[in-house]
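Have a look at the structure below, then the notes.
The values are calculated or read from the model by the stated rules, or taken from the named source; none is laboratory data. Here the structure is a predicted model, which is why all the values come from computation and not from measurement. Don't worry about glycine lacking a Cβ; one is built from the backbone with ideal geometry, like all the others, and counts go over all protein chains shown.
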Amino acid sequence: MTAVPQPIPSTAPSGGTLLLTLMKLRTFIALFAVLIVFSILAPNFMSTANLILMAKHVALNAFLAIGMTFVIVTGGIDLSVGSIVGLCSMVAGGLLMNGLALPIGYTVWFSVPETVLVTLAIGILVGVVNGLLITRLNVAPFIATLGTLYVARGAALLMSEGRTFPNLAGTEAHANQGFDVLGGGRFLDLPYAVWALVVVALAAAYLARSTPLGRHIFAVGGNERAAGLSGIRVNRVKMFVYMFSGFCAAIVGLIIASELMASHPATGETFELNAIAAAVLGGTSMSGGRGTVGGTVIGAFVIGILGDGLVMMGVSSFWQTVIKGLVIIAAVVVDQAQRKLQQRVALLQVARQS
Amino acid sequence: MSPDHDVVLRLDDVSKAYSGTLAVKHATIEVRRGAVNVLVGENGAGKSTLMKIIAGVEQPTLGRIVLDGETVRFPTTADAVAHGIGMVFQELNLFGNLSVAENIFATREVTRGLRGIDYREQERRAAKLMERLQTGIDPRALVEDLRIGQQQLVEIAKAVAQDARILIMDEPTSALSATEVEVLFRVIADLKAQGVAIVYISHRLEELIRIGDYITVLRDGRVTGQAGMRDVDTHWIVRQMIGQDAKDFAKGVGHRIGEVIFEARDVSLPRVTGGLSVDHVGFDLRAGEILGVYGLMGAGRSELLDCIMGRQRLATGQFTLCGQPITRLDTTGRIARGLALIPEDRQREGQVGMLSIAENLTMASLYRYVRGIHIRRKAERQAVAGAITDLNIKAADTDLPVSSLSGGNQQKVVIGKALLTNPKVLLMDEPSRGIDVGAKADVFLTMRRLAAQGLGIVFVTSDLEEVMALSDRIAVMSNGRLTALMDRSDATEAKVVAASAAGHAPTRPSPVAPEKVSA
C-alpha cells in the first residue's frame with residue numbers, strides 16, 4: 001500500500017528534518033558516544049597504544065564487512081567469509097611450512113609474495129564458487145554460502161587433519177622467510193593491517209561511488225529486473241561481489257596467520273556474523289540497494305570499540321554479548337524509523353511544490 | 001433509471017490518492033441488486049482502484065461506503081468478504097502450488113473439527129462448481145499446471161463459491177475463449193436471478209452492451225456518465241469515455257519513412273502451460289515509422305517485446321537490426337546495438353525506486369560518461385540535464401529518489417533512460433498506462449518527435465483510440481498470433497477490433513492441449 005501524506009502540524013517539518021539529520025548521522029553519533037563513555041570509564045582507553053591495538057582488531061572485521069556490504073547491497077548474503085578466513089590462513093600456513101607436494105614426489109616451495117598471491121586466489125576462488133552457485137544454479141545466496149561455509153571449513157580441517165601449523169617463519173633454504181611482516185610490520189607507527197584497510201576501504205568507496213560497476217551493484221540490489229532491462233549484466237555483477245568478498249576474507253586470513261605466525265583451522269569461526277552486524281550498523285539495508293562503505297567501516301569501529309572497551313572495564317564477556325546484540329537491534333530500529341520519517345518528509349516536500 | 005432494482009451498495013463521494021496522483025476524484029457509484037452493473041473507462045480511469053476500495057484492498061482517502069443504507073468500513077479484504085462482497089481480480093490471485101479445490105476454499109476450508117480439513121468434501125464441491133462452469137478441470141489439479149484461461153475460471157469459481165451478495169468481476173473474460181465466455185454469461189444470468197449484484201468491468205464494449213443492466217463510465221478518476229444500459233448505445237459510451245475534448249494526440253509532422261531497420265521473423269515462444277504465447281509472429285519496421293501493436297490482455301504482445309529484447313531463453317525466431325543479425329546476443333548486447341525497451345510495469349521493471357532520478361536516467365548509458373573506470377560527473381550531469389529538458393520532466397532535484405515523482409514523470413524518466421542509449425529502435429509497452437493526461441500528451445509528443453528523427457518505434461497498447469491516432473501501421477495480436485497488419489490508411493476501428501478477437505475464433509482450433517487436465 002502506498003503511504004498517503006498525513007496532515008502534520010506546520011511546526012513538524014523543521015523538527016522532522018532535524019531529527020532526520022540526527023538519525024542519518026546515528027552511526028557517527030554512536031561512535032563518538034562509545035569513545036566518550038569509555039574514555040571516562042576505562043583508564044588508559046585513549047592511550048595511543050590502546051587505540052592502535054583497537055584499530056588492528058577492528059581492521060579484521062572491517063575488511064570482511066566491506067566485502068559483505070557489497071554482497072548485501074546486491075540483495076545477497078555471504079555466510080562463508082569466516083570459513084574462507086580459516087581456509088586461507090591454513091593455505092598460507094601449509095604452503096609456508098610444507099610447500100605444495102606434487103603427486104610425482106616433488107615439492108614446490110613458494111616465496112612469501114607468491115604465497116600471498118596464491119592465498120588471495122583461493123579466497124577469490126571460493127567467491128567464484130559462491131557466485132556460480134547463485135547465478136548459474138539459482139541457489140539462494142543464504143543456502144549457497146551456508147554450503148560453502150561448511151565445505152571451506154571442512155577443507156581447512158582436512159589440510160592438517162585438524163592440527164595447527166605451528167611455525168610459519170619459513171627457512172632460508174626455501175627462501176620463504178619474512179611472513180611476519182604482514183601482521184607485525186608498521187609504517188608511521190600504524191600496523192600494515194590498518195594501512196591495508198585504509199587502501200581497501202578507499203578503493204571500495206571509489207568503486208561504489210564513481211565507477212559503473214559500483215552503480216550496477218546498487219541498481220541490481222534495488223531492482224534486479226529493471227537493472228537487467230537496462231543492459232546491466234546482473235550475473236557478472238553478482239559474481240564480482242562474491243569474489244570481492246572472498247578476496248577480503250583472504251586478506252583477513254593472511255593477516256591473522258601472519259600475526260600469530262601459526263595457522264589454526266578453526267580461525268574465523270562466527271566472523272561472518274560480526275561482518276553482517278557491522279554492515280547493518282553502518283546503514284546497509286538487508287533487502288538490498290542501500291549501504292555505504294564509510295558507514296560500514298564506522299559500524300565495524302563501533303562494534304570493535306564496544307567490545308574492547310567493555311573488556312577494559314572488566315564487564316563479563318556474557319554481558320558483552322548481550323550488549324552487542326542490543327546495539328545491533330537498536331541500530332535497525334532507528335534505521336526503520338529513519339526510513340519512515342524520510343518518506344514522510346519527501347511526501348511533504350512534494351505536496352508543498354504542487 | 002428503472003426502479004425494479006434497489007441499490008445495495010453506494011460509494012458516496014469517494015476519492016483515492018496515491019503518492020503523486022489522484023486515482024479517483026469524488027466518484028459516486030451505485031450498485032444495484034439482481035443486476036449487472038457495468039463499469040467502463042480507459043486504462044488508468046480508476047476502475048480497478050474503485051473496485052479495490054469496495055473489496056477492502058484499498059481504503060478511500062475521502063468519502064464513504066454505504067451498504068444497505070449503513071456506512072461501513074472495510075479495513076481488510078476479510079471485512080469485505082464478511083459483508084458478502086466477492087471479487088474476481090484482474091491479476092489472478094491464486095496459489096499456484098495448491099490444487100484447484102484448495103484454492104477455491106482457501107481461508108474458508110471445510111473442516112471436520114479436530115480431524116482437520118475435509119479434502120474429499122472440498123473436492124466434491126469444487127467438482128460441482130467446475131461442472132457448473134462446464135470446464136472439466138480436475139479439482140485436484142495444481143493451479144500452476146492450468147493455462148491462463150482455466151486459471152481465470154478457477155478464480156471465478158472461487159468467487160462464486162463464496163455465495164457473495166455483491167460479486168465484482170474485473171476483466172473476467174480477458175483470457176477466456178469464446179465458448180468459455182458464453183458459459184460465464186450463463187452463470188452470471190443465474191447469479192442475477194438469485195439476486196446477486198454483479199459489478200462487471202471490461203474493455204470489450206460488445207460484451208458490456210450484451211450483459212449489462214446499468215452502466216457507469218469513468219474518465220480520469222471521475223464519473224462521467226451513469227445510465228440504464230437500454231438507454232444508451234456504443235456512441236454514448238465512447239463519448240463519455242473519451243470526453244468532448246478529444247485527447248491531445250500529437251499530429252504527425254509529415255516526415256519521410258525510411259528503409260527497413262528492424263526485422264522479426266517467425267518468432268515463437270512456448271507457454272509453460274502448453275501452447276504458444278507468441279505464435280510465429282513476423283514483421284518489418286522502417287526508420288521513422290510508428291508501428292502500433294493492438295490486442296487484448298494476454299494476447300502475447302508483451303511477450304513478443306520480451307522475445308525481441310532477448311529476455312526469453314525459450315524464444316525461437318530471427319531478429320535483424322540494421323541488416324545485422326542480433327538473434328544470438330543477450331539483452332545487454334541488443335541494447336548496445338540499438339534496441340531499447342520501455343517496459344509495461346514501471347515499478348517492477350522500469351526503474352530502481354530507491355536510486356535517484358539522475359542515477360536512473362543514466363543507468364543504461366553509463367558507458368558514455370566513463371573514462372577508464374571513472375564516471376565523469378560533469379558529462380553525466382549534462383546528460384541528465386538534457387534529458388530533463390527534452391522530456392519536460394518536472395523534478396525539483398535530480399538527486400531525489402525517482403519514487404518521489406508522480407507516475408507520469410516516472411514514466412518520462414524510464415523513457416529518458418532508454419533514449420540516452422541512443423537507440424535505433426524503441427519498443428514501448430503500454431507507454432501511457434497509469435499516467436495523467438498531461439504526461440500522456442508529452443509522451444505522445446515525444447514519440448512523434450523521435451519518429452521524425454528517424455527512430456523506429458513499436459508500441460503496444462490496449463487503447464483503440466491511441467493505436468488509431470498514433471500509428472503509421474497497425475499490427476493486431478490475438479491469442480499469440482499476428483491476426484492483422486495494415487497501413488493506418490486502410491485501418492478502421494471495426495477491422496482492428498475484429499482482428500483482436502480472431503485468435504479466439506472457434507473456426508480455428510487454438511493450439512492448446514485438450515481441456516481435460518489431470519492431476
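Computed quantities for the displayed model
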| read-out | value |
| --- | --- |
| Single residue of B:107, B:135 found to be modelled with pLDDT under 85, buried (at least 16 other Cβ atoms within 10 Å of the Cβ), assigned by TED's automatic domain parsing to the domain that holds residue B:61 and in a loop (DSSP other than H, G, I, E, B) | B:135 |
| Any hit, the stretch B:294-310, residues being in contact (Cβ under 8 Å) with a residue 24 or more places away in the chain, part of a strand (DSSP E or B) and closer than 30 Å to residue B:480 by Cα | yes |
| Any chance residue B:97 is in a loop (DSSP other than H, G, I, E, B) and away from every other protein chain (no Cβ under 14 Å) | yes |
| Per-region count, the stretch A:182-193, residues touching a residue at least 40 places away in the same chain (Cβ under 8 Å) and surrounded by fewer than 18 Cβ atoms within 10 Å (Cβ to Cβ) | 3 |
| Options A:321, A:296: the member that is more than 14 Å from chain B (Cβ to nearest Cβ), modelled with pLDDT of 85 or more, out of contact with any strand residue (DSSP E or B) (no Cβ under 6 Å at 6 or more places or on another chain) and over 26 Å from residue A:220 (Cα atoms) | A:321 |
| Near pairs, Cβ below 6 angstrom, 6+ apart or cross-chain, from the stretch A:207-223 (more than 7 Å from every other protein chain (Cβ to nearest Cβ)) to any residue that is surrounded by fewer than 24 Cβ atoms within 10 Å (Cβ to Cβ) and outside any helix (DSSP H, G or I) | A:221/A:75; A:221/A:288; A:221/A:289 |
| Subset of the stretch A:228-237 (residues that are of a type outside the set (D, E, K, R) and either within 7 Å of chain B (Cβ to nearest Cβ) or part of a loop (DSSP other than H, G, I, E, B) (or both)) | A:228, A:229, A:230, A:231, A:232 |
| Exclusive hit being of a type in the set (A, V, I, L, M, F, W, C), surrounded by fewer than 20 Cβ atoms within 10 Å (Cβ to Cβ) and over 24 Å from the mean Cα position of the chain (by Cα), set B:92, B:114, B:205, B:129 | B:114 |
| Criterion violated by residue A:170 - all others in (1) more than 30 Å from residue A:53 (Cβ to Cβ); (2) more than 14 Å from chain B (Cβ to nearest Cβ) satisfied | (1) |
| Given (1) aliphatic (A, V, I, L, M); (2) within 14 Å of chain B (Cβ to nearest Cβ); (3) not in a loop (DSSP other than H, G, I, E, B), number of the condition residue A:199 does not satisfy | (2) |
| Candidates B:457, B:435, B:474, B:415, filtered to the one that is in a helix (DSSP H, G or I), buried (at least 21 other Cβ atoms within 10 Å of the Cβ) and touching a strand residue (DSSP E or B) at 6+ places or on another chain (Cβ under 9 Å) | B:415 |
| Residue in the stretch A:219-232 that is within 16 Å of the chain's Cα centre (by Cα), surrounded by 21 or more Cβ atoms within 10 Å (Cβ to Cβ) and within 29 Å of residue B:418 (Cα to Cα) present | no |
| Residue list for the stretch B:15-39, filter: away from chain A (no Cβ under 14 Å) and at pLDDT below 85 | B:25 |
| Positions within the stretch B:42-70 being touching a residue at least 12 places away in the same chain (Cβ under 8 Å), on the phi < 0 side of the Ramachandran plot and assigned to a strand (DSSP E or B), in sequence order | B:62, B:64, B:65, B:66, B:67 |
| Qualifying residues in the stretch B:403-423 (those that are facing chain A (nearest Cβ under 10 Å) and modelled with pLDDT under 85) - the one farthest from residue B:355 (Cα to Cα) | B:406 |
| Residue count for the stretch B:352-388, restricted to those that are outside any loop (DSSP other than H, G, I, E, B), within 11 Å of chain A (Cβ to nearest Cβ) and aliphatic (A, V, I, L, M) | 7 |
| Residues that are crowded, with 18+ Cβ neighbours inside 10 Å, part of a loop (DSSP other than H, G, I, E, B) and more than 25 Å from the chain's Cα centre (by Cα), drawn from the stretch B:330-350 | B:338 |
| Residue check for residue A:194: out of contact with any helix residue (DSSP H, G or I) (no Cβ under 7 Å at 6 or more places or on another chain), under 17 Å from residue A:297 (Cα atoms) and away from every other protein chain (no Cβ under 14 Å) | no |
| Of all residues making up the stretch A:71-124, the number that are over 21 Å from residue A:61 (Cα atoms) and charged (D, E, K, R) | 1 |
| The one condition in (1) touching a Gly at 6+ places or on another chain (Cβ under 7 Å); (2) surrounded by fewer than 18 Cβ atoms within 10 Å (Cβ to Cβ); (3) under 30 Å from residue B:406 (Cα atoms) that residue B:297 fails to fulfil | (1) |
| Every pair of residues 6+ apart whose Cβ atoms lie under 7 Å, when the first sits in the stretch A:107-136 and is in the same structural domain as residue A:71 (by TED's automatic domain parsing) and within 17 Å of residue A:169 (Cα to Cα) while the second is modelled with pLDDT under 95 and among the aromatic types (Phe, Trp, Tyr) | A:112/A:179 |
| Selected residue (only one of A:243, A:286 is surrounded by fewer than 22 Cβ atoms within 10 Å (Cβ to Cβ), in the same structural domain as residue A:163 (by TED's automatic domain parsing), farther than 30 Å from residue A:29 by Cα and not basic (Lys, Arg)) | A:243 |
| Of residues in the stretch B:282-293 being assigned to a loop (DSSP other than H, G, I, E, B) and surrounded by fewer than 21 Cβ atoms within 10 Å (Cβ to Cβ), the one nearest to the other protein chains (Cβ to nearest Cβ) | B:287 |
| Elements of type helices (runs of 4 or more DSSP H) contained in the stretch A:15-119, each with 3 or more residues being exposed (fewer than 14 other Cβ atoms within 10 Å of the Cβ) and out of contact with any Asp or Glu (no Cβ under 9 Å at 6 or more places or on another chain) | A:26-41 |
| Single residue of the stretch B:389-401 satisfying the filter (more than 10 Å from every other protein chain (Cβ to nearest Cβ) and in contact with a strand residue (DSSP E or B) (Cβ under 8 Å, 6 or more places away or on another chain)) that is surrounded by the most Cβ atoms within 10 Å (Cβ to Cβ) | B:398 |
| Matching option when the condition is polar (S, T, N, Q), over 15 Å from residue A:57 (Cα atoms) and within 11 Å of another protein chain (Cβ to nearest Cβ), among A:287, A:263 | A:287 |
| Single residue of A:56, A:24 found to be under 16 Å from the mean Cα position of the chain (by Cα), at pLDDT below 95 and of a type in the set (D, E, K, R) | A:56 |
